[in-house]
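Asks: Here it is, the structure, as structure tokens.
The values are calculated or read from the model by the stated rules, or taken from the named source; none is laboratory data. Please read all numbers here as calculations on a predicted model, not as lab measurements. Backbone-built Cβ (ideal geometry, glycine too); neighbour counts: all protein chains shown. Please note that ligands, DNA and RNA were not included when accessible areas were found on the heavy atoms of the full protein model with its side chains. Shrake-Rupley method; radii C 1.70, N 1.55, O 1.52, S 1.80 Å.
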Amino acid sequence: MADYDLVVRGGTVASGLGTMRCDIGINGGRIVALAESIKGGAATLDAGGLLVLPGGVDTHCHIEEPSRGGYTSAGGAPVTEVTVQEESFGSASVSAFAGGTTSVVCFIPQWKGEGILPRLADYEARAAKGMVDYSFHQVISDATEDVLEREVPQIVAKGIRSLKVFLTYEPLHLSDEQYLKVLVTARRHACLVTVHCENYAAINWRTEALLKAGLTAPKYHAWSRPPVVEREATHRAIALAELVDQPIQVFHVSCAEAAEEIARAQYRGVKVWGETCPQYLALTAADMDRTSDKNGGFEGAAYMCSPSPRTVEEQGRVWEMIRRGTLDVVSSDHCGFSMGRPGMGKQSGGTAVSFRDIPNGIPGLAARLPILFSEGVSKGRISLDHFVRLTATNPARLMGLAPRKGAIAIGADADLALWNPRKKVTITNALMQHAIDYTPYEGLEVTGWPVATVRRGAVVMRDGVVQAEPGTGRFLARGPYDFIAPRGVVANGFDAAPPPGS
Ligand code: URP
Ligand code: ZN
Ligand code: ZN
């Protein structure tokens, strides 16, 4: 019998802590040997001339998420039916592997007026059909006593360790009081809270004024939510988390103003982390001003997400916040709304009459690593190690998935992306291999591309061809982990939300 199921031979391993020429021996889906030269192996994968990276860990993906009308502002298109985003866990798995990603964290929805358990079984069943390894954030959009006291402990017992809240969107947004209750619950059950930070009232006020002035085109989405709206909510989210002494991650930071709030809190020792996404590095608000006859003049909708893409100058400032370490995770915020399919997606079944009706969110699962590598490493903005930390090591650590995920180390799952750092590719929708009818990155030229993806020792992508059995993705149960433990710093020394047993 061979010593190893698979040997990855001849590559340059980039672990996030430097690079080394190293072979990798894999058995039972795990890395069992790292050495200059490993002989044997039932199968081999030639990595000569390539970088060998940990498989991407994308901790912010909206996949096959049942929703009521998508993510819109108050007063948007009336919600008549339940929509499921077009990407299935099967198609998203293909896209993930095509782009070098091997693990995702997605969102179990909660609809107002319902508990969280009713959606759980359905969502678990959907995810179990995919091939990519997965975990869940639990959305809390209705913070009732029953949800927080009876249901949350049950989802935690299942290995779900992050609660997601929105400070905007209709009908998802929470009041400060509800957000505080979620923070307290998370502290009691040792969960992370992830937060969408934008001011609900401010957005709706400005949106009403824009529409009254006849400014309805997609580009006015950006005008409805300038950076100050994000900065205010980021400040508030952090301040309340600091008060409760509950660690949080601020999702999709689009601008320096918001990142500075995070930096200031980090300087005080507050446990707050910041994520950004490729759309804030490769798109601008001007993209929402693209007009063509395509899609009934709503072409700009293809670039619409929240917070909004900003300016080229702001992109530079976000890079600086990445370089300083204030923003330490880059996720895709992948969202499966197509442009042209009736009844679903960006046109809200043809009823979209203004930017307010267009669901927010854009696809980017397969594009995340190539864009960050090209714009970051190839253009000299960040080092290769930094790239690995942003896309695999840090997200895995923050979500309690490390060192099983996000690492090339003995005992870690053998999740790898074999990367050609010199390969030049022009991004097309076909290359994304998702179920969505467009990519906002069409035509973008990148240098650096994944040529093979290994998930738990199985070669699931080679030269763009994905081969994996549906249903082989594994749920990643997360137990308690020290990284997100509260600091034990509370105002006046009085802990108003003591964790159990303290
Ligand atoms: O516009 C976005 N980001 N859509 C996805 C939902 C969210 O806010 O994360
Ligand atoms: Zn969000
Ligand atoms: Zn999102």
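Asks: Among the residues of segment 197-206, how many are farther than 28 Å from P498 by Cβ and touching a Phe, Trp or Tyr at 6+ places or on another chain (Cβ under 8 Å)? Step through it out loud before you land on a result.
Replies: First pass over segment 197-206, keeping only residues farther than 28 Å from P498 by Cβ: 198-206.
Keeping just the survivors that are touching a Phe, Trp or Tyr at 6+ places or on another chain (Cβ under 8 Å) gives 200, 206.
So the count comes out to 2.
Asks: What strands (runs of 3 or more DSSP E) lie completely within segment 412-502 and have 2 or more residues being among the basic types (K, R), farther than 27 Å from I31 by Cα and in contact with a helix residue (DSSP H, G or I) (Cβ under 9 Å, 6 or more places away or on another chain)?
Replies: On the way: elements: 416-426, 445-455, 458-462.
In segment 412-502, there are no strands (runs of 3 or more DSSP E) which contain 2 or more residues that are among the basic types (K, R), farther than 27 Å from I31 by Cα and in contact with a helix residue (DSSP H, G or I) (Cβ under 9 Å, 6 or more places away or on another chain).
Asks: Scan segment 17-49 for residues that are more than 19 Å from A409 (Cβ to Cβ) and aliphatic (A, V, I, L, M) and jot them down.
Replies: Those that are more than 19 Å from A409 (Cβ to Cβ) and aliphatic (A, V, I, L, M): A42, A43.
Asks: Something else about it: State which residue pairs qualify: first residue closer than 15 Å to D463 by Cα and in contact (Cβ under 8 Å) with a residue 12 or more places away in the chain and inside segment 41-52, second residue open to solvent by 30 Å² or more (accessible area, probe 1.4 Å) and of a type in the set (S, T, Y) in any location, beta carbons under 6 Å apart, and separation of 6 or more residues or different chains.
Replies: L51/T12
Asks: Mind checking which residues of segment 205-219 are open to solvent by 30 Å² or more (accessible area, probe 1.4 Å) and either in a helix (DSSP H, G or I) or not aliphatic (A, V, I, L, M) (or both)?
Replies: Taking segment 205-219 and keeping what is open to solvent by 30 Å² or more (accessible area, probe 1.4 Å), we get 205-206, 208-209, 211-217, 219.
Once the filter is applied, which keeps residues that are open to solvent by 30 Å² or more (accessible area, probe 1.4 Å) and either in a helix (DSSP H, G or I) or not aliphatic (A, V, I, L, M) (or both), segment 205-219 yields W205, R206, E208, A209, L211, K212, G214, T216, K219.
Asks: Name the single residue, out of those in segment 183-199 being more than 16 Å from ligand 3 (Cβ to nearest atom) and farther than 11 Å from P247 by Cα, that is most open to solvent (accessible area, probe 1.4 Å).
Replies: Of the residues in segment 183-199, the ones more than 16 Å from ligand 3 (Cβ to nearest atom) are 183-191, 199.
Those still in the list that are farther than 11 Å from P247 by Cα too: 185, 188-189, 199.
Values: T185: 13, R188: 100, H189: 54, N199: 32 Å².
Of everything passing the filter in segment 183-199, R188 is most open to solvent (accessible area, probe 1.4 Å).
Asks: Can you report the number of residues in segment 152-177 which are aliphatic (A, V, I, L, M) and in contact with a Gly (Cβ under 8 Å, 6 or more places away or on another chain)? Working first, answer last.
Replies: Here is the first cut: in segment 152-177, the ones aliphatic (A, V, I, L, M) are 152, 155-157, 160, 163, 165, 167, 172, 174.
Retained after the next criterion (residues that are in contact with a Gly (Cβ under 8 Å, 6 or more places away or on another chain)): none.
Total satisfying the criteria: 0.
Asks: Give all pairs with beta carbons closer than 8 Å in which a residue from segment 97-113 that is polar (S, T, N, Q) meets a residue that is within 16 Å of ligand 1 (Cβ to nearest atom) and assigned to a strand (DSSP E or B); count only pairs at least 6 apart in sequence or on separate chains.
Replies: T101/D58; S103/D58; Q110/Q138; Q110/V139
Asks: To continue, here is another question. Is it the case, given these coordinates, that L174 is touching a Pro at 6+ places or on another chain (Cβ under 7 Å), open to solvent by less than 10 Å² (accessible area, probe 1.4 Å) and aliphatic (A, V, I, L, M)?
Replies: Working: touching a Pro at 6+ places or on another chain (Cβ under 7 Å): no; open to solvent by less than 10 Å² (accessible area, probe 1.4 Å): yes; aliphatic (A, V, I, L, M): yes.
No: the conditions fail for L174.
Asks: Next question. Filter segment 85-130 down to the residues that are closer than 23 Å to A452 by Cα, in contact with a Ser or Thr (Cβ under 8 Å, 6 or more places away or on another chain) and among the aromatic types (F, W, Y) and list them by number.
Replies: Scanning segment 85-130 gives a single hit, F97.
Asks: For segment 352-385, which positions are open to solvent by 30 Å² or more (accessible area, probe 1.4 Å), more than 24 Å from M432 (Cα to Cα) and in a helix (DSSP H, G or I)?
Replies: Within segment 352-385, the first condition is being open to solvent by 30 Å² or more (accessible area, probe 1.4 Å), and the residues that meet it are 353, 356, 377-381, 383-385.
Narrowing further to those that are more than 24 Å from M432 (Cα to Cα): 353, 356, 380-381, 383, 385.
Once the filter is applied, which keeps residues that are open to solvent by 30 Å² or more (accessible area, probe 1.4 Å), more than 24 Å from M432 (Cα to Cα) and in a helix (DSSP H, G or I), segment 352-385 yields R356, D385.
Asks: May I pose another question? Can you find a residue in segment 240-251 that is open to solvent by less than 10 Å² (accessible area, probe 1.4 Å), in a helix (DSSP H, G or I) and touching a strand residue (DSSP E or B) at 6+ places or on another chain (Cβ under 6 Å)?
Replies: Looking through segment 240-251, at least one residue is open to solvent by less than 10 Å² (accessible area, probe 1.4 Å), in a helix (DSSP H, G or I) and touching a strand residue (DSSP E or B) at 6+ places or on another chain (Cβ under 6 Å).
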